[in-house]
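Take a look at the structure set out below.
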There are 2 protein chains.
Amino acid sequence: MAAALSPAASLQLRPYPTLRLLSLYSRASTTLRTSHSLPPPFRSLPRRRCLCTVITGALYSGERTKRELVEKPRGELGERVGEFRRRLKIAEIKGKPDEGLGRVGQSIAVMGWVRTLRVQSSVTFMEVNDGSCLSNMQCVLGSEVEGYDQVESGSVSTGASVWVQGEVVPSQGSKQKVELKVKKIVLLGKSDPSYPIQKKRVSKEFLRTKAHLRPRTNTFGAVARVRNALAFATHKFFQENGFVWVSSPIITASDCEGAGEQFCVTTLIPSSGETTDTPLDTIPKTNNGLIDWSQDFFGKPAFLTVSGQLNGETYATALSDIYTFGPTFRAENSNTSRHLAEFWMIEPELAFADLDDDMACATAYLQYVVRHILDNCKEDMEFFNTWIEKGIIDRLSNVAEKDFVQLTYTDAVELLLKAKKKFEFPVKWGCDLQSEHERYITEEAFGGCPVVVRDYPKDIKAFYMRQNDDGKTVAAMDMLVPRVGELIGGSQREERLDYLEARLDSLNLNKDSYWWYLDLRRYGSVPHAGFGLGFERLVQFATGIDNIRDAIPFPRTPGSAEF
Amino acid sequence: MAAALSPAASLQLRPYPTLRLLSLYSRASTTLRTSHSLPPPFRSLPRRRCLCTVITGALYSGERTKRELVEKPRGELGERVGEFRRRLKIAEIKGKPDEGLGRVGQSIAVMGWVRTLRVQSSVTFMEVNDGSCLSNMQCVLGSEVEGYDQVESGSVSTGASVWVQGEVVPSQGSKQKVELKVKKIVLLGKSDPSYPIQKKRVSKEFLRTKAHLRPRTNTFGAVARVRNALAFATHKFFQENGFVWVSSPIITASDCEGAGEQFCVTTLIPSSGETTDTPLDTIPKTNNGLIDWSQDFFGKPAFLTVSGQLNGETYATALSDIYTFGPTFRAENSNTSRHLAEFWMIEPELAFADLDDDMACATAYLQYVVRHILDNCKEDMEFFNTWIEKGIIDRLSNVAEKDFVQLTYTDAVELLLKAKKKFEFPVKWGCDLQSEHERYITEEAFGGCPVVVRDYPKDIKAFYMRQNDDGKTVAAMDMLVPRVGELIGGSQREERLDYLEARLDSLNLNKDSYWWYLDLRRYGSVPHAGFGLGFERLVQFATGIDNIRDAIPFPRTPGSAEF
């Protein structure tokens, strides 16, 4: 094996110099390799000459910090992979507390998409956005700018992508502290005149048909960034508190889901995206004319999950505290602004915990993520405050700071019955609270303070919730928040095997299907509790966005699964 | 509306005292409310008397920090939700650098599951684990311990859940620095003698049939914690570098996926979990005997996503840098230790970036997450090093510290052709590298150093990869790592509209299906690049776990979607 001379052995000792030993392998590759001898950034773009000046410009600006060329003698096998460096984003200039003033006098280069272009007699104003923040970089161009012919010829238009390099200067305008006095501009990609997102405001309905372009608007860019911040804050909160993220399964053939309508997942129907002409008789059937599930991928009917909770409980009763954060599905034919067929859920589960722990955790969680976006997404939140929901910052600050109130379902019903308000739906002990009731409680009765309603009648709640001593209610809780109504629903779980089995019996559910769920009560059962939170509802709550279809990048609703 | 007296108005002024105004509502609820007047923790458990002493014990131990009872005069409507506090977990004692020595002399209480029990003549040793770390808390019990009768009677057995309270003392044994000298024990949940996870080692195959209990074993507990750490490190890496997490859609009716076999998602088949007797003729059909897709939920055939990349590109070309982290699906009938039908993918996409940026990002990412688990999961990694894969810590340290090597596909082929090794599959320019080739390159030729192979023949790569100037290869890259082979695959994307359309034509793909993907090249196209990483492969790489079914909580494979 000639180990002493093998690349492996030599590389382990001293990675670099010994690479030369490999040169014996490298002859055949030189032809191809020369095509990589240009400086790295965008070296093989079609407009190479153009871009080489870009690169040079970028490098001497001292800002576009690309890695150096790896110093490697020609003709050897294997180069080092370069260092990963962030390019300069607009958020790093304008997203700072000084809004960029600290960079005045610096020579920088930015890349992004042209939002607007105002050509005046002596000067052209161009707003460039790169999506890293709401703010555009205002670029000021005179006719002396290198590459200005592309502006004059109309090639640089709304929607085009550009590289601009120049000096940061204090801005004359009142809208921003700094602007870029451009020295050089390069058009990266033209924008066809049919570009649907021009300056004039377009409706959100229209933009849903352009879901691939809508993140280039102020609103959807801001929603995407705040959604991201909420997701990361979610992970941070649970990780800081010792919870383990568990991926609950998406496809399940388990018989014990059953909350809501489910999508069937199958390979019995030939999966060709090319044609929709699928003869029904290609589906395998038994002699009795039944679908032959034994030939399906999983050997039996399988569905998309409606909740990861039951699976989450298996990990909570092993690792103590866990949370799931993944997609869930409902095949409900509800064409409303509050429902999606595909949405993301966060479902924490706490072991050795009761309903009080559960409510306390849900409260701390919500306050944490709200505080996180108020602190970290100031510009986007100001935007929502001005354009989407006036007062949202106050509403959220309230949530982050105020104590949350809890009251029993029975008290809530009492409160609603005494309310000086006409409701569309009647209020009666034993009936579920409607959205109008929930919003009255949190918005009016408690003045915008989130309210946790607990101890609901057992007949309107799920089988797994823990029965209270009164025999009539269960240790369930719903957190109600202004504007959205129910944002979080949770419960202490029934950990007593005999109670749980009796409950399954009384609901005529098949205990055999729940064998593994019951096992958790058979082997070292512990008090435990958890809650669930629809992530898009949280995004709505935190941004003021009205329609839930605008709170997720690619909404799935009845009749619509485009993109 | 009597606004001045309404709860809303008063609460806004001074939340607490004014709550008394609400007392007029509260009469009817007192009966139910008294059942909540016990101290909070586990107040409504069946063994209440028992647990009240537990609570008292916990409280005076000064460790089980439950929130105080909310001081609230009786008969008012609405209590404050308590403060969320973490209970003491074993990781907080034994997971510290001093392995608990700093707590010697402290009175504490822990809760968990009994792993083993050794009853000796004068003393009983009980190992309790709560899943927060690998270590058990060794508990030493004499016959004077309160609640010892439950040990004597055999109620406390392997798998049972217990609450134990006592004093931290230095341990006599060599396996741990401290142990708990128990004063009081309470059995929370018995374990039926049929408990399948007894001390004797059981096979991983057997444990797959007990996926709901296997996280209670050392191996699967450790895998779950390291998996969690890898996921969080993934989010941290991308967030720290300004990437936005985007949730790409799971269900898609878009025609431009097509990589690999897809699962069909439908509501045409009645979704009853109760019975598998589904007559074929319940599926709606047209007059021609075709499946009537117009009656399906989305109005046309819909599938589970095989990749979020194309959707990710839409957000990258608006927000600059994004990443997805979500489930993806392949309906391939591969019953191997390397394939899952449902797995999690991480797919970053970088705007204004080329293949060099892509490789640099993938390298930095992998080194970051590996360093994260080496730093943060020491105990679990030591466990893997001893019991799962000897030398894994060295292997991973190498990855975290060494420079990664890149070489072209052409060079790689040359290297393989000159290798003094017989391969099962032939090596030939134009053919894809097989796992044996990939492992030879990274494990032998480069001695355990990850290798990035780039510039593959275009005919073996996807349509969207950017064509190199040679006309024969594309700007693709695969990162090969020891043991696993290909861990990451990525490419620079074809951003030139004419090239992309020509490529679709030459592959006989329908351009209309790709309208929105092509739009990204029509309106401000930018050079961009990205990569994909199967998260379970990463878990295997980082833990040494052989079979991918053991790297995810609930594996889905042909014929198997239990739990």
### Task
Output the qualifying pairs, or none if there are none: Cβ atoms under 6 angstrom, residues six or more apart or on different chains, first residue in the range A:346-357 and closer than 24 Å to A:Ala231 by Cβ, second residue part of a strand (DSSP E or B) and acidic (Asp, Glu).
A:Leu350/A:Asp321
### Task
Go through B:Thr557, B:Thr543 for me and flag whichever is buried (at least 24 other Cβ atoms within 10 Å of the Cβ) and either under 24 Å from B:Leu230 (Cβ atoms) or not assigned by TED's automatic domain parsing to the domain that holds B:Ile388 (or both).
B:Thr543
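Could you say which residue among B:Val169, B:Val182, B:Val162, B:Val128 is over 25 Å from A:Ala318 (Cα atoms) and part of a strand (DSSP E or B)? Full working, then the answer.
Working: B:Val182 fails: over 25 Å from A:Ala318 (Cα atoms); B:Val162 fails: over 25 Å from A:Ala318 (Cα atoms); B:Val128 fails: over 25 Å from A:Ala318 (Cα atoms).
It is B:Val169.
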### Matching residues, the range B:358-384, being without any contact (Cβ under 8 Å) to a residue 40 or more places away in the chain and not acidic (Asp, Glu)
B:Ala360, B:Gln367, B:Arg371, B:Leu374, B:Lys378
### Query
Quick check: anything in the range B:369-376 surrounded by 24 or more Cβ atoms within 10 Å (Cβ to Cβ) and out of contact with any Leu (no Cβ under 7 Å at 6 or more places or on another chain)?
no
### Message
I'm checking my understanding of the structure. Among residues of the range B:110-166 that are surrounded by 18 or more Cβ atoms within 10 Å (Cβ to Cβ) and among the charged types (D, E, K, R), which one is nearest to the chain's Cα centre (by Cα)?
### Response
B:Asp130
### Query
With respect to the numbered conditions (1) assigned to a helix (DSSP H, G or I); (2) within 14 Å of chain B (Cβ to nearest Cβ); (3) more than 18 Å from A:Leu533 (Cα to Cα), which one is the sole condition not fulfilled by A:Asp375?
(2)
### Message
Can you pull out every residue in the range B:510-521 that is in contact (Cβ under 8 Å) with a residue 12 or more places away in the chain and not in a loop (DSSP other than H, G, I, E, B)?
### Response
B:Ser513, B:Tyr514, B:Trp516, B:Tyr517, B:Leu518, B:Leu520, B:Arg521
### Query
If we scan the range B:169-185, do we find a residue that is surrounded by 18 or more Cβ atoms within 10 Å (Cβ to Cβ) and under 21 Å from B:Val539 (Cβ atoms)?
no
### Task
Please work out which one of (1) within 23 Å of the chain's Cα centre (by Cα); (2) facing another protein chain (nearest Cβ under 7 Å); (3) under 21 Å from B:Leu340 (Cα atoms) is the condition A:Gly312 fails and give its number.
(2)
### Answer from B:Ala318, B:Ala400 - the residue that is more than 8 Å from chain A (Cβ to nearest Cβ) and in a helix (DSSP H, G or I)
B:Ala400
### Task
Six or more apart or on different chains, Cβ under 7 Å: which pairs go from a residue in the range A:423-441 that's on the phi > 0 side of the Ramachandran plot to one that's surrounded by fewer than 19 Cβ atoms within 10 Å (Cβ to Cβ)? Could you list them?
A:Gly430/A:Pro457; A:Gly430/A:Asp459
### Summary
Scanning the range B:522-563 residue by residue, those of a type in the set (Phe, Trp, Tyr) and assigned to a helix (DSSP H, G or I) turn out to be B:Phe535, B:Phe541
### Message
Restricting to the range A:380-391, count the residues that are more than 14 Å from chain B (Cβ to nearest Cβ) and either surrounded by 15 or more Cβ atoms within 10 Å (Cβ to Cβ) or touching a strand residue (DSSP E or B) at 6+ places or on another chain (Cβ under 8 Å) (or both).
### Response
6
### Message
Being more than 22 Å from the chain's Cα centre (by Cα) and more than 8 Å from chain B (Cβ to nearest Cβ) is the filter here; which residues of the range A:354-369 pass it?
### Response
A:Leu355, A:Asp358
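Which ones in the range B:125-176 are acidic (Asp, Glu) and in contact (Cβ under 8 Å) with a residue 12 or more places away in the chain? Full working, then the answer.
From the range B:125-176, those acidic (Asp, Glu) are B:127, B:130, B:144, B:146, B:149, B:152, B:167; that's our starting set.
Correct list: B:Glu127, B:Asp130, B:Glu146, B:Glu167.
The values are calculated or read from the model by the stated rules, or taken from the named source; none is laboratory data. In this text, all values refer to a predicted model and were calculated from it rather than measured experimentally. Methodologically, a virtual Cβ is constructed for each residue, glycine included, from the backbone with ideal geometry; neighbour enumeration extends over all protein chains shown.
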